[in-house]
Amino acid sequence: MERMSTTVTPSAAPTPADPARTVVVGVGPVTMDDVVAVARHGASVALAPEALDAVAAGRAVIDALAADTQPHYGVSTGFGALATRSIPAERRTDLQRSLIRSHAAGTGPEVEREVVRALMLLRLSTLATGRTGVRPATAQAYAAMLDAGITPVVREFGSLGCSGDLAPLAHCALALMGEGDVRDATGTLRPAADALADAGLTPVVLAEKEGLALVNGTDGMLGQLVLALHDLDRLLATADVAAALSVESLLGTDAVFADDLQALRPHPGQAAAAAHLRTLLRGSGIMASHRGPGCTRVQDAYSLRCAPQVHGAARDTVEHARTVATRELAAAVDNPVVTPDGRVESNGNFHGAPVGYVLDFLAIAVADVASMSERRTDRFLDVSRSHGLPAFLAHDPGVDSGLMIAQYTAAGLVSDLKRLAVPASVDSIPSSAMQEDHVSMGWHAARKLRRAVDGLGRVLAIEVLTATRALDLRAPLVPALATGAVRDLLRARGVAGPGPDTSLAPDLDAVAALVASGEVLAAADADRTADEIGTSDRDRHLQVPISSGRTDLEAGPEPTEETR
């Protein structure tokens, strides 16, 4: 059978544009769906007329200050520790140009195209509020560059997350000036001046305040947060699918997922995960096979029994991060900022702590979900814990090693995820001659979360690969429709079932791609009704009542190690 593409992490190459979608950037915030559409799917971008009016009004304030004899930060002064230096009018174009050139100081590998497009859209959204003081022509040029698919080359290292993502945004502004390198709409690396010319665009000569307005924001870390949230909605639901496959193939019980038991601890994410697991295991012949009096098993291991609690806590962490992201999308981050009553004021809104914290929180949740997944995978391979399955699910144990080393790979990934869970936001390093003496490191938090999200998908893929092989070995017992559909998807895509050893790497990559694309989740959820999907995923966060989980039941005996 033809094997599918194994690309998991978005590359620098552009995805096909979505000509049917245009994101109109107005005075109000863009949505998370807008960010994904522009970043990943090449949606068109346009500025709303009311946004241009707001931009013009904000610019009028800056023009008035530029004519003032008193110094105004970012308009007629230097920057950072040089803020006390007054700059004469004839040198202010040089000031803005020098700001961008000096701040475009990134180094290291090229950042993914979708990340750059996300941060550009978010910077454009802030420009459109009229709070930054740029000229309408500058905002229009920025929108046109994004709409033309011209993506500035941004490097991995250079941002401290305060004052925002300076270096990444400076590389974007550099391209707007016709300098530096870009990827054009085909993904070809080119000088910015050439790409702009071919798109019919003219490089911008920046005026007062515009350099600051183009670089002083948390757009890089926020864009990566939005993309991670989009991916984690899918991956956490896929973690439920992997857990359901494991519970079923290890002859576990779904009784612990009962709604009344979950309601005793009324966390909305836990309720959603448990409801999803119940639906996924509905109608399983394997589950039914050990519900009778002949089954001697009392309780399953924590990695099976406590999946709703761990997956649910991760869901709740995602919901908190989504709340933060929604607020940030509505923000106008710049320094100084043009206020609604026409003042220009310095402020500290560029500090990335709110975003940096939740990026770190998510990395912790991702590592823990992956850790639990790897423990379920390991149970299949140990004859003392797999309930009748062959050692390492091998065809001929001893001659064949089966999936032994797949678990090693999962363990290595989980170890990496644990290191990535170390918070970046506590690691401030002063800069700019101690003027910027506390920074957020939000960009670093975003970069490590991006790697962690990819790792989680791969760990879940190994569990899915392992559990579906075990599912085949349980024949003639019949699986649930949902879990059987996942097994059938893998076989249809050429992923090997039980049999003599073959190279595992192609299968691991193929299943990872199926997880990343959402096809594993779609196969599992194909039998779910719209009502079930709406009440057991993130919408359920709005529907679960928060009531006491305590009852008047008498406490039982202290659990032993065997019955805990």
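Since every read-out is calculated from the coordinates, none of them should be taken as a lab result. Predicted, not measured: the structure shown is a model, and the values here were computed from it. Counting neighbours? That spans all protein chains shown, and the Cβs are built from the backbone with ideal geometry, glycine included.
Let me have the relative contact order for the chain, percent, based on Cα pairs under 8 Å that are six or more residues apart.
Values: 1073 pairs, mean separation 100.4, N = 564.
Answer for the chain is 18 percent.
Considering amide H positions built from the backbone, and no H for Pro or chain starts, which residues 5 or more places from Gly180, or on another chain, come under 5 Å of its amide H?
Those lying under 5 Å, H to H, from Gly180 are Ala192.
If you average the alpha carbon positions of the stretch 152-188 and of the stretch 19-48, how far apart do those two centres end up, in angstrom?
20
Hey, can you grab everything whose amide H is under 5 Å from the amide H of Leu47? Only 5+ residues off in sequence or another chain; H modelled, so Pro and N-termini drop out.
Answer set, sorted by chain and number: Val25.
Between the stretch 272-317 and the stretch 93-111, how many Å separate their Cα centres?
Here the answer is 53 Å between Cα centres.
Need one number: nm distance between label points at Ala57 and Ala391, each 7 Å from Cα along Cα→Cβ, rounded to one decimal.
It works out to 7.6 nm between the two label points.
By how many degrees, between 0 and 90 and to the nearest 10, does the Cα long axis of helix 92-103 differ from the longest principal axis of the chain?
The angle comes out near 30 degrees.
Provide the packing ranking of 117-124, 52-59, 182-189, i.e. peptides ordered by the mean count of other C-beta atoms within 10 Å per residue, highest first. List each step's numbers first, then the result.
Numbers: 117-124: 27.6, 52-59: 20.1, 182-189: 16.1.
Listed from highest to lowest mean packing, they are 117-124, 52-59, 182-189.
I need the peptides 213-221, 280-288, 437-445 ranked by packing, meaning the mean over residues of other C-beta atoms within 10 angstrom, with the highest value on top. Working shown, then result.
Details: 213-221: 30.2, 280-288: 19.4, 437-445: 24.1.
Taking the mean over residues of other Cβ atoms within 10 Å, the ranking is 213-221, 437-445, 280-288.
On a 0 to 90 degree scale, rounded to 10, what angle separates helix 32-41 from the longest Cα axis of the chain?
Between the helix axis and the principal axis of the chain, the angle is about 90 degrees.
Given contacts defined as C-alpha pairs under 8 Å and at least six residues apart, what's the relative contact order of the stretch 22-216, whole-number percent? Let's see the in-between values first.
Values: 359 pairs, mean separation 51.1, N = 195.
With pairs under 8 Å counted, the relative contact order is 26 percent.
From the residues Ser102, Val226, Ala410, which one has its Cα farthest along the dipole of the chain in the positive direction, the dipole being from +1 and -1 charges on Cβ of Lys/Arg and Asp/Glu about the Cα centre?
Ser102
222 nm [θ] for the chain, helices only, -39500 (n - 2.57) per DSSP H run of 4+, per residue, to 500?
Values: 21 runs with 288 residues, N = 564.
So the helix-based figure for the chain works out to -16500 deg cm²/dmol.
Between the helical axis of 307-329 and the dominant principal axis of the chain, each derived from Cα atoms, what acute angle in degrees is found, rounded to the nearest 10?
10
Compute the orientation-averaged projected area for the stretch 22-216 from the convex hull of its Cα atoms and round it to one decimal in nm².
Details: hull surface 41.0 nm².
Its average projected convex-hull area is 10.3 nm².
Which order do the peptides 340-353, 199-212 take when ranked by the mean count of other beta-carbon atoms within 10 Å per residue, highest first?
Values: 340-353: 14.9, 199-212: 20.6.
So the order, starting with the most tightly packed, is 199-212, 340-353.
Give the whole-number value, in cubic angstrom per residue, of the convex hull volume spanned by the C-alpha atoms of the chain. Show your work: numbers first, answer last.
On the way: hull volume 97.5 nm³, N = 564.
Each residue corresponds to 173 Å³ of Cα convex hull volume.
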